[in-house]
1. Over 28 Å between Cα atoms, which of 110/134; 46/109; 41/134 qualify?
2. Evaluate the distance, in nm, between pseudo-label points positioned 7 Å from the Cα of residue 85 and of residue 139 along their respective Cα→Cβ axes.
3. Per 0.36 nm of contour for each residue apart, how much would the distance between residue 103 and residue 186 grow if the chain were fully extended, relative to their Cα-Cα spacing?
4. Please work out the FRET efficiency for the pair residue 129 and residue 41, using the Cβ-Cβ distance as r and a Förster radius of 22 Å; give the result to the nearest 0.05.
Amino acid sequence: MISFVKKLLLFAFLASSLPLSGQTFGEADLERLIMNHPMMKNYDAKTGHFKNTPHELREVSDLKAENASLTAEVERIKAEEQNNSLDVISNEIEDEEAIWSGISSLSKKKQELENKIQKNTELIESGGDPGYTKLYPIVDNMCNDIFIPLYNKDRVILNKLPRYLSKKPELEGKDMHSFWFEPNEDVLCSYLQYASFIALIFPSADKTILFQKPSGDNK
């Protein structure tokens, strides 16, 4: 039965594609591409957040402890800056370039720590949830990685049918058999409403089918 369905769908795909020789079509399994993206290794299904990214869900207690450590480091740097200033005033400078380089380095480090403290404080105020604004850049980057290699201005990319758990569909009058013997738009639309469910029953039957209406419009 499965072998028959595979051959039938392949024949239908080839037959319906013949009038569309002027266009090029391709197929992609977006579900697989998304699940295989390296960023998905960081996805935490329990929280809906991405670990090791700005979108990670943090414990407020951990953030407070981290801020305490960062604040202590900032105070240490301030004390070192003050000592360096006293040395510059009290002692003769032998290597002025090294002194100013050290001052600049300490100032940069202090600024980075203070920025981190500010970000942690904002997270603490939101209960450790960074919000969707931190998610958008991750999604944008994933989409670029997935879609850009597929893009071709002379090609139409169609997605395979998704697979997910569902109840058994009511197939009577909505199956491929009906469309084969009555190739009209109503039967096709009825079939497509249940196509994703059918793909669950026949995992190999997830190939895209092209159908050309008599008017010339492609579906």
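Please treat every number below as a calculation from the coordinates, not as lab data. This structure is a prediction, so every number in the text was calculated from the model and none was measured. All Cβ positions, glycine included, derive from the backbone under ideal geometry; neighbour counts span all protein chains shown.
1. Values: 110/134 24 Å; 46/109 35 Å; 41/134 17 Å.
From 110/134; 46/109; 41/134, over 28 Å: 46/109.
2. 4.7
3. Numbers: separation 83, 0.36 × 83 = 29.88 nm, distance 7.60 nm.
Here the answer is 22.3 nm.
4. 0.55
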